[in-house]
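None of the figures in this text is laboratory data; all of them are computed from the coordinates on show. Please read these numbers as outputs of a predicted model, since none were measured by experiment. No Cβ is skipped: glycine too gets one built from the backbone with ideal geometry, and neighbour counts run over all protein chains shown.
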Amino acid sequence: MTTTPGPPPTPPVIRTPEANFEALPDWPYEPHYLDVDGVRLHYVDEGRPEAPPFLLTHGEPSWSYLYRHWIPPLVEAGFRVIAPDHIGFGRSEKVTDEDWYTIDRHVGVQRALIETLDLTRIHLFCQDWGGPISLRNACDAPERYARLFIANTWLHHPGYEYSDSLRFWYQIATDPDHMGGDMPTGVIVSRTLRRPGHDLDAVQAAYDAPFTGPESKAGALRFPWCLPFAHPDQGGAAWQERCYHQLQAWEGPIHLVWGDADEVFPWTGAEEWSSVLPDSTLDRIPGAGHFLQEDAPSDCVAAVLARSTGSGL
């Protein structure tokens with residue numbers, strides 16, 4: 001006798017109180033939620049439902065708040081803006097078991113969102129871990145995508161040189177004696193900003209807001225552990241290499257947008273991407289650090305909109 005397996009058991013989660021998000025500046029956006037295998041995913045959804053979607057994806061240890069200054073001009077330009085929070089980040093639920101988090105699982109959750117909303121003509125902007133996760137989905141379903149924007153990220157492949165800063169990040173983030181299971185998320189974002197004029201206390205508070213304590217940070221702690229040079233299987237090393245080569249035959253437009261003051265993914269990474277994607281464009285965002293969306297939002301949006309002309313709006 002055969003039995004049909006039931007749904008996977010729902011993992012233990014923490015749901016951040018809505019009060020944590022109420023006082024954030026420039027964040028009036030109505031939350032939207034999708035249940036994926038018993039875990040609640042949050043996403044922003046602004047603009048006309050029938051408009052071409054701009055999918056804005058984040059990395060470690062940030063969330064969709066990165067794009068608060070991007071959403072109005074993109075909507076005004078005629079896009080529908082979709083900005084999800086990875087499980088474990090932002091308004092999404094926080095699974096408390098670190099072993100739950102794999103890059104394949106993040107890919108599957110994002111794919112569930114894209115398929116549930118039936119997004120097509122996607123304009124993608126991806127950065128940090130949002131790069132491998134989002135580019136995997138683009139390579140697996142290229143018919144859904146109109147245009148790719150790749151910013152301060154990477155795809156693992158033989159010969160890729162991980163920066164000293166990224167290797168140091170791996171060492172301190174995976175050392176229990178260093179962080180003690182309580183990653184200083186807001187400090188990490190604020191300290192990587194390179195342009196002057198930021199209210200660093202407000203930035204730190206905004207990127208601490210999604211977390212209620214050490215137990216809620218399992219996803220943030222797991223991302224460094226998944227770096228492919230350390231754990232190839234958990235980090236998707238094989239399919240990252242496949243996507244790296246697949247993008248070189250990509251038939252649609254690819255645009256590189258790069259903060260040139262980033263120590264994690266330095267300017268040499270942009271030059272490498274540009275050399276293997278001969279039909280791509282490259283916009284340099286001077287003086288912007290790793291989180292260029294936060295560091296230089298106006299310059300980034302201007303570059304993105306300039307490259308999005310003729311996109312069928």
In the range 136-258, what is the volume of the convex hull around the alpha carbon atoms, normalised per residue and reported in Å³? 150
For a label point 7 Å along the Cα-to-beta-carbon line of THR120, residues of the range 61-102 with backbone N under 19 Å: 79-82
Kindly put THR120, THR185 in sequence by how many other C-beta atoms sit within 10 Å of each C-beta, fewest to most. THR120, THR185
Among rounded, prolate and oblate, which fits the range 37-190 when a ≥ b ≥ c are the square roots of the eigenvalues of its C-alpha gyration tensor, a/c under 1.5 means rounded, and a/b larger than b/c means prolate? prolate
Restricting the range 196-300 to GluC sites (Glu not before Pro) in coil, as DSSP defines it, with at most 10 other Cβ within 10 Å: GLU251
Per the Kirkwood formula on distinct C-alpha pairs, the Rh of the chain is how many angstrom? 19.6
Using the count of nearby Cβ atoms within 10 Å as a rough guide to exposure, how do ILE172, ILE114 rank from fewest to most? ILE172, ILE114
The extension gain from GLU76 to THR102, computed as 0.36 nm times the residue separation minus the Cα-Cα distance, is 5.8 nm
In Å and whole numbers, how far do the C-alpha atoms of the range 272-313 stretch along each principal axis, longest first? 30, 27, 12
The range 189-225-the range 279-294 distance, computed between alpha-carbon centres (Å): 20
Unit charges on C-beta of K, R, D, E only; dipole of the range 192-313, Debye: 160
Cβ-placed point charges (K, R +1; D, E -1), dipole of the chain about Cα centre in debye, nearest 20: 500
quick note, the range 15-307, DSSP beta bridge pairs, % antiparallel (nearest 5) is 35
